[in-house]
Amino acid sequence: MTHEPAETTVVTFGTFDVFHHGHLKLLQRAADLGNRLIVGVSSDALNISKKGRPPVYSEDERIEIISGLRCVSGVFLEESLAFKRRYLLQHRADVLVMGDDWSGRFDDMGDICRVLYLPRTPDVSTTSTLERIRADAPRRVALLV
Ligand code: CTP
């Protein structure tokens, strides 16, 4: 007989800067896979090392935004990619969810939890949103004055 955990805890990680609908859909789909979703929000320093730029919104602001979502049960600060295993054990993860831009990268966590990579929502990212704002800046500034 197999023993299924009564409660399924899903854990995911990300920067979630300039929050957009691709982020929301990822979190909603992750939450649907269990009873509670815990989100590791990348620290400002980790984001600089991962993406080579500081986030627009600080880690405190991003934590506040993610904490306010109905589909999220808990949030913690992710300070290093090297601590993945420690975080998953600390938060008793049954499932690790990542977007498929990370496909294969965390398969070695498969000995402590299920590892799932969900397809990204097409045509939206923090980077493309910042590029859109930059491209449209002159028109938007003109509307302010
Ligand atoms: N994500 C997604 N669909 C998108 C964008 C992001 O499912 N269109 C997922 C990522 O795969 C990740 C999580 O949302 O699991 C957080 O992604 P993050 O890197 O913070 O957002 P991006 O928009 O990808 O940021 P950037 O452009 O800075 O790389």
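The values are calculated or read from the model by the stated rules, or taken from the named source; none is laboratory data. Since this is a predicted model, take the numbers as computed values, not measurements. Virtual Cβ from ideal backbone geometry, glycine too; neighbours counted across all protein chains shown.
Here are the numbers for the structure shown:
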quantity	calculated
Number of positions in the range 38-48 that are farther than 16 Å from Lys84 by Cα and either within 15 Å of the chain's Cα centre (by Cα) or not hydrophobic (A, V, I, L, M, F, W, C) (or both)	1
Per-region count, the range 103-144, residues at pLDDT below 95 and surrounded by 15 or more Cβ atoms within 10 Å (Cβ to Cβ)	0
Test set (1) surrounded by 15 or more Cβ atoms within 10 Å (Cβ to Cβ); (2) closer than 23 Å to Asp107 by Cα; (3) touching a residue at least 12 places away in the same chain (Cβ under 8 Å) - His23 fails condition number	(3)
Sole residue being at pLDDT below 95 and within 16 Å of the ligand (Cβ to nearest atom), chosen from Leu88, Leu81, Leu96	Leu81
Checklist (1) under 19 Å from Asp32 (Cβ atoms); (2) in contact with a strand residue (DSSP E or B) (Cβ under 8 Å, 6 or more places away or on another chain); (3) more than 12 Å from the ligand (Cβ to nearest atom) applied to Arg70, failing item	(2)
Out of Asp136, Asp101, Asp123, sole residue that is assigned to a loop (DSSP other than H, G, I, E, B) and either more than 23 Å from Gly52 (Cα to Cα) or not hydrophobic (A, V, I, L, M, F, W, C) (or both)	Asp123
Contacts under 8 angstrom Cβ, first residue in the range 33-44 being over 10 Å from Phe16 (Cα atoms) and among the polar types (S, T, N, Q), partner surrounded by 17 or more Cβ atoms within 10 Å (Cβ to Cβ) and at pLDDT 95 or above, 6 or more apart	Asn35/Thr9; Ser43/Glu59; Ser43/Glu78
The listed residue being in a loop (DSSP other than H, G, I, E, B), surrounded by fewer than 16 Cβ atoms within 10 Å (Cβ to Cβ), within 13 Å of the ligand (Cβ to nearest atom) and not small (Gly, Ala, Ser), out of Val56, Val18	Val56
